[in-house]
Amino acid sequence: KTVTISGGTHGNEYTGIWCIKAIEKQRELFNANPEATNAPDTKVINVFKEYPSLSIDTLLANPKAYMANRRFIDTDMNREFSIKKLQRTTETCSEENDASCDSSQASLPYESIRAKEIESMFGAPKTGSTGGDGDANSDIVIDLHTTTANMGITLIFTEGDALMSAAAAYALHKCKTEYGYENVHILLLPKTEKNHRTNLPSVGKHDFTIEVGPTPQGVIRHDIVEQTEAALHSLLEFLHLSNMELENKTTGATVLDRLRSAFPNGVPCYQSAPAVGVKELHGKIQWPTLDDNPNFPAAMVHKSLQDRDYQPL
């Protein structure tokens, strides 16, 4: 029943930050007038009125990077939430051969410090006295991201989570049939123990990421905000309806019955390759680069293959 929606894990991905600021404005409006009706436009709703069974909080994950309009200050925050990273000190950091660890400084990278703060906010489910088996303060953490890639609306969670599987299927169906978006996909992250997951939403009991693109960094596009909110509202609606069923306040077909009817042959999903590098959430193919500059590509993608995300090459 407790849901935390985070934005700004990467400080120059403004869409998620816009969305959480909008939610906080909705909180103000709801508290001022709980009886106010939602707007006629179904895309404009107040989440506190629409989903009353949920306790919704927001989190600006990386405030310094947000203010600087940068992806991060020292290191990628979405790789800082494994128990190994959360437990490291300035001494162990300097021994890790991590470029973000400056031996001349007496502190950890900013994102490492912030990750520790965030994990503590959630009850230290990984590093607490229970040895990493503690309960998080939030049932579900939903992290909002954007990408420059042509991924459309991508719903991401860790393989093996039955609740998030159903939530993703519901959001996929609603985004396509009711909101009219075609480019919607489910992406499964390889199943790993929670303590070893590096991404921010892994501090919740259940983790979920919504990633929408393409959009430039440091830019807010109305259509990308709408797509993000459509996926988010669909996810929250599933959680609310599930709560109502548990409280015996609904009759007829259950949410899962409706999903079975919508996907008689199973829910289409994509699965990312297992991670190889220590800072990766999933496997990557190294693109060839110039010998004198490892950041400059030695070849470019042919125009016939550009933007063909989720399609066979």
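Taking the highest mean first, how do the peptides 120-127, 265-272, 291-298 order by number of other beta carbon atoms within 10 angstrom per residue? List each step's numbers first, then the result.
Details: 120-127: 18.8, 265-272: 12.0, 291-298: 8.0.
The packing order, highest mean first, is 120-127, 265-272, 291-298.
For the chain, return all DSSP H helices satisfying: extent of Cα atoms along own axis at least 15 Å; mean Kyte-Doolittle hydropathy at least -1.0.
On the way: long enough: 14-32 (27 Å, -0.18); 110-121 (17 Å, -0.76); 162-177 (23 Å, 0.56); 222-246 (36 Å, 0.14).
In the chain, the long hydrophobic H runs are 14-32, 110-121, 162-177, 222-246.
Sort the following peptides by mean Cβ neighbour count (other Cβ atoms within 10 Å, averaged over residues), highest first: 196-209, 169-182, 19-32. Please list the in-between numbers first.
Working: 196-209: 23.2, 169-182: 17.9, 19-32: 14.5.
Most protected by this proxy first, the peptides run 196-209, 169-182, 19-32.
Which links in LYS116/LYS176; LYS1/LYS174; LYS64/LYS194; LYS1/LYS25; LYS191/LYS303; LYS116/LYS205 stretch past 29 Å when you go from one Cα to the other?
On the way: LYS116/LYS176 38 Å; LYS1/LYS174 21 Å; LYS64/LYS194 27 Å; LYS1/LYS25 21 Å; LYS191/LYS303 34 Å; LYS116/LYS205 17 Å.
Cα-Cα > 29 Å for LYS116/LYS176; LYS191/LYS303; rest within.
If only Cα atoms are counted, what is the Rg of the range 111-202, and what is its Dmax, in Å?
Reported Rg and Dmax, both Å: 15.4, 47.
Order HIS185, HIS222 by their accessible area, 1.4 angstrom probe, all chains in place, largest first. Intermediate values should be presented prior to the final figure.
Details: HIS185 30, HIS222 135 Å².
Reading off the accessible areas and sorting them downward yields HIS222, HIS185.
The values are calculated or read from the model by the stated rules, or taken from the named source; none is laboratory data. Being a predicted model, the structure only gives us computed values, none of them experimental. Every residue, glycine as well, gets a Cβ built from its backbone with ideal geometry; the counts of neighbours run over all protein chains shown. Calculation scope for accessible area: heavy atoms of the full protein, side chains included, ligands and nucleic acids excluded. Shrake-Rupley method; radii C 1.70, N 1.55, O 1.52, S 1.80 Å.
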